[in-house]
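Student: Take a look at the following structure, please.
The values are calculated or read from the model by the stated rules, or taken from the named source; none is laboratory data. Because the structure is predicted, anything quoted here is derived from the model rather than measured. All Cβ positions, even for glycine, are placed from backbone atoms using ideal geometry, and neighbour counts span all protein chains on display.
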Amino acid sequence: MARRSLPLLKHLLSSSSSTTPTLSRSVTYMPRPGDGAPRPVTLIPGDGIGPLVTNAVEQVMEAMHAPVYFEKYEVHGDMMRVPSEVMESIKKNKVCLKGGLTTPMGGGVSSLNVQLRKELDLYASLVNCFNLQGLPTRHQNVDIVVVRENTEGEYAGLEHEVVPGVVESLKVITKFCSERIAKYAFEYAYLNNRKKVTAVHKANIMKLADGLFLESCREVATKYPGIKYNEIIVDNCCMQLVSKPEQFDVMVTPNLYGNLVANTAAGIAGGTGVMPGESLGMLRMRIIVAGNVGADHAIFEQGASAGNVGNENLLEQKTANPVALLLSSAMMLRHLQFPSFADRLETAVKLVISEGRYRTKDLGGSSTTQEVVDAVIGALD
């Protein structure tokens with residue numbers, strides 16, 4: 001039977017090879033990670049230094065021929081709403097990279113960041129803080145992940161003036177959202193070989209609201225017996241964070257506390273929320289955010305507070321630190337299943353920081369944003 005089939009097989013192979021079309025692009029020996037097709041990403045440069053640091057990402061992506069292309073939209077924090085075409089782009093692409101958006105104080109203009117989280121149901125915010133080789137640190141062996149509930153709590157925006165001079169603001173905590181963020185935190189810990197999850201709360205005062213959050217965390221913790229679980233009150237947490245940050249591993253928090261804890265870590269680290277020069281002599285760690293993540297969509301941005309978005313000196317001197325957004329874009333590449341490109345980018349950034357020749361002022365140097373970008377591009381292998 002095999003001998004009879006051999007002539008037919010040769011005929012089929014020869015006929016198929018003669019009709020094979022010429023490939024329009026070169027074929028490498030190793031396939032690209034993922035499906036190999038370039039992926040569209042919605043890009044929001046944002047306000048202040050946002051365009052400066054997002055342009056840094058664009059340059060590096062182009063230099064290493066990353067399989068992504070950007071759909072760029074102008075969005076500013078003083079807009080009443082995120083334009084519909086931007087929302088349609090994010091929903092279509094499922095991934096967005098954004099610079100900081102300013103949030104006007106008062107005046108009835110709500111935060112566009114909160115609008116994005118609510119409309120896209122980006123229920124988890126992930127901030128990772130850890131030591132970076134080449135930068136002097138006051139503490140060693142620090143590697144903290146803050147998992148923050150992103151859709152409710154004080155950020156629900158339910159406020160009204162009861163009578164003139166009296167404003168009532170409602171804090172909303174639900175079992176559904178609390179369980180969902182707790183499951184995310186424990187699953188993250190499980191998949192990343194983390195040993196402990198700490199729930200941050202104020203249940204000693206808000207016994208019902210934060211009590212429900214803790215109850216949900218405790219229930220989820222029973223399903224992960226291999227991961228240690230403990231709880232800490234938020235004010236004690238901030239004190240412990242600045243004195244012994246190495247004790248924390250994964251932290252799961254309601255919305256407001258997560259903002260406080262992540263920004264405390266950023267302040268310690270001399271990260272995105274710290275003005276240039278204020279980090280000298282303090283603990284320095286890398287601050288990254290794996291974006292605001294939901295079941296279907298993800299937005300990647302620089303870590304913790306974007307308090308320096310409107311810093312005129314950084315903008316005029318073009319000395320904004322692009323490292324945080326470059327590392328967040330590496331996480332975006334990994335999210336898009338292009339891990340080798342993510343590794344190349346992270347390795348290049350680490351090399352530039354460890355060598356110490358090109359650093360912006362907040363990291364103790366005097367380089368411009370473009371000089372750091374050029375150094376990272378030069379370090380790409």
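Student: With (1) assigned to a strand (DSSP E or B); (2) at pLDDT below 95 as the list, and residue 200 as the residue in question, which single condition is left unmet?
Tutor: Here residue 200 meets the rest and fails (2).
Student: Now a separate question. Can you go through 162, 145, 167 and tell me which one is part of a strand (DSSP E or B) and either under 30 Å from residue 359 (Cβ atoms) or polar (S, T, N, Q) (or both)?
Tutor: Testing whether each residue is part of a strand (DSSP E or B) and either under 30 Å from residue 359 (Cβ atoms) or polar (S, T, N, Q) (or both) leaves just 145.
Student: Could I ask something else about it? Working only within segment 335-363, note down all residues that are over 21 Å from residue 131 (Cα atoms) and either in a helix (DSSP H, G or I) or among the charged types (D, E, K, R) (or both).
Tutor: 335, 339, 340, 341
Student: Separate question: Taking segment 346-362, which residues are within 14 Å of residue 53 (Cβ to Cβ) and not β-branched (Val, Ile, Thr)?
Tutor: The answer is 362, and nothing else.
Student: Looking at segment 119-169 only, could you name the residues that are of a type in the set (Gly, Ala, Ser) and touching a Phe, Trp or Tyr at 6+ places or on another chain (Cβ under 9 Å)?
Tutor: 124, 153
Student: Could you figure out which of (1) at pLDDT 90 or above; (2) touching an Asp or Glu at 6+ places or on another chain (Cβ under 7 Å); (3) of a type in the set (S, T, N, Q) isn't true of residue 84?
Tutor: (2)
Student: Here's a follow-up. What are the pairs, 6+ residues apart or on separate chains, where a residue within segment 156-178 that is more than 22 Å from residue 125 (Cα to Cα) has its Cβ under 8 Å from a residue that is hydroxyl-bearing (Ser, Thr, Tyr) and in a strand (DSSP E or B)?
Tutor: What qualifies is 159/169.
Student: Output the number of the condition that residue 366 fails; it satisfies all remaining conditions of (1) of a type outside the set (Lys, Arg); (2) part of a loop (DSSP other than H, G, I, E, B); (3) buried (at least 18 other Cβ atoms within 10 Å of the Cβ); (4) more than 20 Å from the chain's Cα centre (by Cα).
Tutor: All conditions are met except number (3).
Student: Let me ask another. Taking residue 155 as meeting all but one of (1) of a type in the set (Phe, Trp, Tyr); (2) in a helix (DSSP H, G or I); (3) crowded, with 18+ Cβ neighbours inside 10 Å, write down the number of the exception.
Tutor: (2)
Student: Taking segment 205-253 as the region of interest, how many residues are farther than 23 Å from residue 152 by Cβ, in a loop (DSSP other than H, G, I, E, B), without any contact (Cβ under 8 Å) to a residue 60 or more places away in the chain and not polar (S, T, N, Q)? Spell out how you get there, then give the answer.
Tutor: First, pick out the residues of segment 205-253 that are farther than 23 Å from residue 152 by Cβ: 222, 224-228, 230, 236, 239-249.
When the remaining residues are screened for being in a loop (DSSP other than H, G, I, E, B), the result is 222, 224-227, 244, 248-249.
Those still in the list that are without any contact (Cβ under 8 Å) to a residue 60 or more places away in the chain too: 222, 224-227.
If we keep only those that are not polar (S, T, N, Q) as well, we get 224-227.
Result for segment 205-253: 4.
Student: Which number in (1) within 30 Å of residue 195 (Cβ to Cβ); (2) touching a Ser or Thr at 6+ places or on another chain (Cβ under 6 Å); (3) not β-branched (Val, Ile, Thr) marks the one condition that residue 159 misses?
Tutor: (1)
Student: Of all residues in segment 64-94, which are in a strand (DSSP E or B) and over 9 Å from residue 43 (Cα atoms)? It would help to see each step written out before you state the result.
Tutor: Of all residues in segment 64-94, those in a strand (DSSP E or B) come to 68-72.
Hits for segment 64-94 are 68, 69.
Student: I would also like to ask the following. Out of the residues in segment 158-188 that are of a type in the set (Gly, Ala, Ser) and surrounded by 14 or more Cβ atoms within 10 Å (Cβ to Cβ), which is nearest to residue 112 (Cα to Cα)? It would help to see each step written out before you state the result.
Tutor: First, pick out the residues of segment 158-188 that are of a type in the set (Gly, Ala, Ser): 165, 169, 178, 182, 185.
Pick out the ones that are also surrounded by 14 or more Cβ atoms within 10 Å (Cβ to Cβ) and you get 178, 182, 185.
Values: 178: 23, 182: 25, 185: 25 Å.
Result: 178.
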